[in-house]
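K.L.:
The structure is given below, and queries will be raised subsequently.
The values are calculated or read from the model by the stated rules, or taken from the named source; none is laboratory data. Being a predicted model, the structure only gives us computed values, none of them experimental. A quick note on method: Cβ atoms are made from the backbone with ideal geometry, for glycine too, and the neighbour counts reach across all protein chains shown.
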Amino acid sequence: MELWFVIVIALCLAALIKPLLGLLSSASSAGPKLPPGPLAFPIIGKFLWLHKSFAELEPILRSLHSKHGPMVTLPIGPHPTVFVSSRTLAHQALVQNGVAFADRPPALLTSKIVSCDQHNITSAFYGPTWRVLRRNLTSEILHPARVRSYSRARSWVLDILLDRLRAAGPKTAVRTVDHLQYAIFCLLVLMCFGDRLEERQIREVEAVQRGLLLSIRRFTVLNFWPRCRK
């Protein structure tokens with residue numbers, strides 16, 4: 001056996017030993033006191049929920065709530081997730097104790113990439129950055145005067161939608177959702193970039209956005225076991 005091959009194997013084993021030991025130690029260490037939930041295996045338990053969509057998860061949660069109570073903990077992702085089904089408990093957490101629950105946790109690896117390292121209004125920490133984003137949203141985008149200023153843009157997009165529907169012909173089956181999505185993207189691109197882009201450019205933006213939404217579930221595997229995700 002060649003010497004270089006032995007060296008490569010030894011380096012690979014050395015690189016894997018530390019993450020594996022970290023996984024075992026983190027799995028065996030006692031964490032904070034959490035609401036009850038189903039018994040989860042330390043290592044493979046995280047993967048049991050990896051391919052579960054929300055439609056598949058909802059009946060499971062109903063069964064778990066009937067067994068464990070209004071608060072249930074599931075080991076989804078690198079951190080446990082607590083699901084609350086009681087309106088009273090949700091009101092206590094979000095309203096009465098809103099200050100304690102207001103801030104957002106650090107984003108996962110894939111979420112950091114999508115959110116530009118938590119620099120948007122839906123993921124930023126509550127602080128100066130989030131306040132600037134909120135002020136910009138309320139005063140520059142959602143303000144009634146600003147909404148009225150886009151009336152011509154909305155009329156332009158409505159004309160695009162009607163023209164595309166009329167071009168299909170009176171006796172032709174029309175997939176309405178495609179034309180509606182294109183019209184919405186025309187309006188959003190105009191609001192974001194301040195210019196009426198060509199159809200080819202709008203289609204490129206739409207394709208990137210659609211690809212991201214369809215692939216986001218597959219990216220979640222990168223969030224498991226932070227010590228090994230690189």
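K.L.:
State yes or no: is Ser115 closer than 24 Å to Ile76 by Cβ and either in the same structural domain as Thr81 (by TED's automatic domain parsing) or surrounded by 10 or more Cβ atoms within 10 Å (Cβ to Cβ) (or both)?
P.N.:
yes
K.L.:
Within region 146-173, can you find the residues that are more than 17 Å from Glu199 (Cβ to Cβ), surrounded by 13 or more Cβ atoms within 10 Å (Cβ to Cβ) and free of Cβ contacts under 8 Å to residues at least 24 places away in the same chain?
P.N.:
Arg146
K.L.:
Considering (1) at pLDDT below 85; (2) touching a Phe, Trp or Tyr at 6+ places or on another chain (Cβ under 8 Å); (3) in a helix (DSSP H, G or I), say which one Ile160 fails and leave the rest.
P.N.:
So the condition that Ile160 fails would be (1).
K.L.:
Okay, next question. Check region 159-177 and report whether any residue there is more than 30 Å from Ala100 (Cα to Cα) and of a type in the set (Ser, Thr, Tyr).
P.N.:
yes
K.L.:
In region 69-112, how many residues are farther than 26 Å from Arg218 by Cα, surrounded by 15 or more Cβ atoms within 10 Å (Cβ to Cβ) and touching a residue at least 24 places away in the same chain (Cβ under 8 Å)?
P.N.:
Looking only at that region, the number is 2.
K.L.:
Right, here's the next one. Tell me, which helices (runs of 4 or more DSSP H) lie completely within region 1-116 with 3 or more residues that are of a type outside the set (Gly, Ala, Ser) and modelled with pLDDT of 60 or more?
P.N.:
3-28, 54-68, 87-91, 109-114
K.L.:
Considering only residues that are modelled with pLDDT of 85 or more, in a loop (DSSP other than H, G, I, E, B) and within 22 Å of Met191 (Cβ to Cβ), which ones fall in region 123-142?
P.N.:
Ser123, Ala124
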